[in-house]
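Shown next, in structure tokens, is the structure this report addresses.
The values are calculated or read from the model by the stated rules, or taken from the named source; none is laboratory data. These numbers come from a predicted model, not from an experiment. As a convention, Cβ positions derive from the backbone with ideal geometry for all residues, glycine included, and neighbour counts pool all protein chains shown.
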Amino acid sequence: MRGQFITLEGSEGAGKTTNLGFINDYLVNAGLEVLQTREPGGTPLSENIREILLGHEYDGMSPDTELLLVFAARAEHLNNKIIPALEQGVTVLCDRFTDATYAYQGAGRGIPTEKIAILENWVQGTLRPDLTIFLDLPVETGMKRAGERSEPDRFEKEQIEFFERVRQGYLERTRKEPGRYRVVDASVSLEEVRQQLHKVLDEFI
Ligand code: TMP
């Protein structure tokens, strides 16, 4: 049987990294074989593309270039890692996926949804995540939390208006396709976030 494909999305400072470990442990404890990976990245070539995307060497990169690089990384990741794992019945837990493209390159950079959908269909065929958890919190709260961390990458350097559009982009998608998404309130304490995640995963499994 094909494995389940679970993706985790979140605004800046939503605690994605911390909570990924929690989700991974939950799935392993439920007896599943889990492959944890991330986008952009997940394979040597895709990790190189990640460096181009997040680094500051190409600060004036055009939105179309950014979009195509994201999907180039994704094609490599899907064909060489995600799809083979799913076919072997492994549960794939991915830190960001195509919803991030609709939110960042779509809502954030202003690329029309239709353009992104063409690439999504081309690169993914009919493959979509089975479950997408969105860790949501107000942009200002997230930026304060993220600001306490290290040197900002090319996305983290954006202004608050960009992140507002990104957040609204995510929320709009969750409203359009409620079956696949679970929105978790990430503005509360870590303990309370985990309780919500526990409930979502209990229901999913
Ligand atoms: P993060 O996974 O550490 O949050 O960093 C990845 C960054 O890349 C994040 O700022 C969002 C951005 N990104 C896109 O702009 N488009 C995408 O499709 C993906 C997967 C990530």
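Of the numbered conditions (1) farther than 17 Å from ASP130 by Cα; (2) in contact with a helix residue (DSSP H, G or I) (Cβ under 9 Å, 6 or more places away or on another chain); (3) aliphatic (A, V, I, L, M), LEU8 fails exactly one; give the number of that condition. Just one mismatch for LEU8, condition (1). Of the residues ASN48, ASN29, ASN19, the single one that is surrounded by fewer than 19 Cβ atoms within 10 Å (Cβ to Cβ) and under 19 Å from VAL200 (Cα atoms) is ASN29.
Tallying residues that are within 13 Å of the ligand (Cβ to nearest atom) and modelled with pLDDT of 95 or more within segment 157-172 yields 7. Just one of the listed residues (THR113, THR91, THR98) is under 25 Å from TYR26 (Cα atoms) and within 14 Å of the ligand (Cβ to nearest atom), namely THR98. One residue alone among GLY106, GLY142 is modelled with pLDDT under 95, surrounded by 19 or more Cβ atoms within 10 Å (Cβ to Cβ), more than 27 Å from GLU203 (Cα to Cα) and not charged (D, E, K, R), and that residue is GLY142.
In segment 4-46, the residue that is nearest to the ligand (Cβ to nearest atom) out of those that are in contact (Cβ under 8 Å) with a residue 60 or more places away in the chain and of a type in the set (S, T, N, Q) is THR17. What pairs come up if the first residue lies in segment 150-162 and is touching a residue at least 40 places away in the same chain (Cβ under 8 Å) and farther than 14 Å from GLU57 by Cα, the second is near the ligand (Cβ under 8 Å from one of its atoms) and outside any helix (DSSP H, G or I), and their beta carbons are under 7 Å apart, counting only those six or more places apart or on different chains? So the pair list comes out as GLU156/GLU12. Going by the structure shown, is ARG154 surrounded by fewer than 18 Cβ atoms within 10 Å (Cβ to Cβ), near the ligand (Cβ under 10 Å from one of its atoms) and either among the charged types (D, E, K, R) or modelled with pLDDT of 95 or more (or both)? Yes; evaluated as a whole, the condition is true for this residue. For segment 173-197, a residue qualifies if it is at pLDDT below 95 and crowded, with 19+ Cβ neighbours inside 10 Å, but none of them does. Within segment 109-137, the set of residues being crowded, with 18+ Cβ neighbours inside 10 Å and among the aliphatic types (A, V, I, L, M) comprises ILE111, ILE116, LEU119, VAL123, LEU131, ILE133, LEU135, LEU137. Please enumerate the residues belonging to segment 1-22 that are out of contact with any strand residue (DSSP E or B) (no Cβ under 6 Å at 6 or more places or on another chain) and not in a loop (DSSP other than H, G, I, E, B). Correct list: THR17, THR18, ASN19, GLY21, PHE22.
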